[in-house]
Amino acid sequence: MSTDQIAPEREHEHARPRPSAAPPGRILPRLVGRAPAPAPGTVLHSASGATAVMLALVAIGAALHEPVLIPPLAASAAIVHSVPGLPLAQPRSVIAGHLLCAAVGYAGLGAFGSSPWVAAVAAGLSLAVMTLARTPHSPACATAVVIVLRTPDPRTFVPLLAGAALLVVLAGCALSRARRTGTRYPQYWW
């Protein structure tokens, strides 16, 4: 008997058995995961609050003919309305985080110009600055990226950014008061 005839048998002996297909009723639980399901009221409250504040930012931007809704603010609204108890959702982190990261973005833009490389470094430095300032707010890192890549005029962008971040916080406060149960927002202001 040649080794050519033996090798296929050895491969077959050590091959792992193929997993059987999961029954249709077991696929959905695997996709959903083990995280606890949110209450329907919580989902409605979070989604409607975040959507309302983003629509307000769009309306303000349309009235001023300036883009006010930028991706980092949409992420901030989602965090404030979905996980209001986290440190990164608190007013100090939201407002100061965006303003500190804007400063880092403009510093990088002024020193090195607009490029994806500068944007990446600005995002990393923004994280360090926020951590040192005790204002953790991960969406604000993207504010530095937006500034470096889009080069907005700081005379209009920074006041709009501050006002928009404040609006996100105030909307979170108002909707938290309207909610009867759940985590109150904010846990602390400064």
ask   = From the list 154, 139, 84, which one is touching a Phe, Trp or Tyr at 6+ places or on another chain (Cβ under 7 Å) and closer than 19 Å to residue 68 by Cβ?
value = 154
ask   = If you go through region 145-157 one residue at a time, do you hit one that is in contact (Cβ under 8 Å) with a residue 40 or more places away in the chain, surrounded by 16 or more Cβ atoms within 10 Å (Cβ to Cβ) and not in a helix (DSSP H, G or I)?
value = no
task = Tell me, yes or no, whether region 141-152 has at least one residue that is more than 20 Å from the chain's Cα centre (by Cα), farther than 19 Å from residue 56 by Cβ and not small (Gly, Ala, Ser).
result = yes
message = Against the conditions (1) of a type in the set (S, T, N, Q); (2) at pLDDT 95 or above; (3) within 20 Å of the chain's Cα centre (by Cα), where does residue 183 fall short? Just the number, please.
response = (2)
task = Would you point out the residue of region 60-109, among those that are within 13 Å of residue 168 (Cβ to Cβ) and assigned to a loop (DSSP other than H, G, I, E, B), that is nearest to the chain's Cα centre (by Cα)?
result = 70
note = Across region 164-189, the tally of residues that are in a loop (DSSP other than H, G, I, E, B) and crowded, with 16+ Cβ neighbours inside 10 Å stands at 3
ask   = What pairs come up if the first residue lies in region 27-45 and is within 27 Å of residue 180 (Cβ to Cβ) and at pLDDT 80 or above, the second is polar (S, T, N, Q) and part of a loop (DSSP other than H, G, I, E, B), and their beta carbons are under 9 Å apart, counting only those six or more places apart or on different chains?
value = 39/181; 41/181; 42/181
ask   = So residue 177 fits all but one of (1) within 30 Å of residue 116 (Cβ to Cβ); (2) free of Cβ contacts under 8 Å to residues at least 12 places away in the same chain; what number is the exception?
value = (1)
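The values are calculated or read from the model by the stated rules, or taken from the named source; none is laboratory data. Here the structure is a predicted model, which is why all the values come from computation and not from measurement. In this analysis, Cβ positions are derived from the backbone assuming ideal geometry, glycine residues included, and neighbour counts consider all displayed protein chains.
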